[in-house]
Amino acid sequence: MIGMLIVGYAQGIAGARAEMGADEIARKAYNTAYYEGDDGRATVEMTLTDRQERTRKRKFQILRYDIKDGGRQKYYVYFREPADVREMVYMVWKHVGSDDDRWLYLPALDLVRRIAASDKRSSFVGSDFTYEDISGRSVDLDSHELVSSEGGKYLLKNTPKDPDLVEFSYYLVSIDKETMMPVKAEYFDAQGEKYREINALEVKEIQGHPTIIRQRADDLAAGSHTIVEFSDIEYDVGISEDIFTERYLRRAPRRWLDY
């Protein structure tokens with residue numbers, strides 16, 4: 001999940017993981033963070049805090065449906081609170097080898113808006129997470145380098161293959177060796193200065209899947225941060241693919257949201 005937005009083995013398996021290359025580590029971590037189970041749902045509470053320590057709240061539910069592990073996938077995000085965003089919907093069709101399709105339904109205007117590929121790095125509903133953070137950045141968009149494998153974690157340096165499409169020069173991701181869950185991401189600009197950071201604050205095992213249940217994103221330049229907390233997390237609930245259509249942007253699939 002946002003997060004999803006950044007989630008003991010036998011010694012023989014741990015040893016095999018130590019031999020993995022950077023690309024394989026990146027793909028395993030990506031699958032752990034975004035593809036556990038065949039589908040999933042959760043309730044999310046988001047707290048946005050600005051430089052002056054003023055806070056705003058968001059509450060929404062996420063539905064996820066996997067067409068293929070590590071490949072095509074669909075997301076449906078339904079907003080509950082506050083009143084000015086209630087019934088707003090964000091939907092994603094994630095593709096492989098091409099830009100994702102993204103929609104935003106604005107109930108106050110009864111308007112469905114397509115989100116351009118160029119906007120995927122912009123703020124998600126005013127938070128310190130981006131639209132791309134919600135459904136994940138494809139591992140194929142970056143080149144990966146294993147920087148270290150000490151202290152029970154892999155550290156990967158990820159450099160965009162097309163730097164003109166993103167605002168960062170590269171980012172570092174720390175991955176827990178046992179769970180393969182990404183637990184920290186640090187973004188650097190063209191001058192090599194860190195300007196953004198995402199941390200997993202708490203990880204639990206749910207239905208046998210390592211799952212991030214608290215996560216924090218910091219905009220170091222703006223001095224703001226956002227904390228998300230996940231609850232009511234369920235995997236493999238049998239979500240129907242047909243709800244991930246424009247029809248259900250205006251008519252929420254209550255069967256999967258009211259639980």
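Among the trypsin sites (Lys or Arg not before Pro) in region 84-147, those located in a DSSP loop and surrounded by at most 16 other Cβ atoms within 10 Å of their own Cβ are Arg86, Arg121.
Using 26 Å as the Cα-Cα cut-off, could you pick out the over-long pairs in Lys59/Lys157; Lys28/Lys68; Lys28/Lys57; Lys59/Lys153? Could the numbers behind the result be given before it?
Values: Lys59/Lys157 33 Å; Lys28/Lys68 14 Å; Lys28/Lys57 33 Å; Lys59/Lys153 32 Å.
Pairs exceeding 26 Å: Lys59/Lys157; Lys28/Lys57; Lys59/Lys153.
Put the Cα centre of region 137-161 next to the Cα centre of region 172-229 and the gap is 14 Å. Per-residue ellipticity at 222 nm computed for the chain from its helices equals -3000 deg cm²/dmol, with DSSP H segments shorter than 4 residues left out and the rest contributing -39,500 (n - 2.57). Each of Leu104, Gly152, Ala83 was placed along the dipole of region 11-257 (beta-carbon charges, centred on the mean Cα), and the one lying farthest toward the positive end is Ala83.
Counting only DSSP beta bridges with both residues in region 115-241, what percent are antiparallel, rounded to the nearest 5?
Counting only bridges with both partners in region 115-241, antiparallel ones make up about 100 percent.
Evaluated with a Cβ-only charge set (Lys, Arg +1; Asp, Glu -1), region 11-257 carries a dipole of roughly 760 debye about its Cα centre, given to the nearest 20.
Each value in this text was obtained by applying a stated rule to the coordinates, not by laboratory testing. The structure displayed is predicted, hence computed values, not measured ones. Counting neighbours? That spans all protein chains shown, and the Cβs are built from the backbone with ideal geometry, glycine included.
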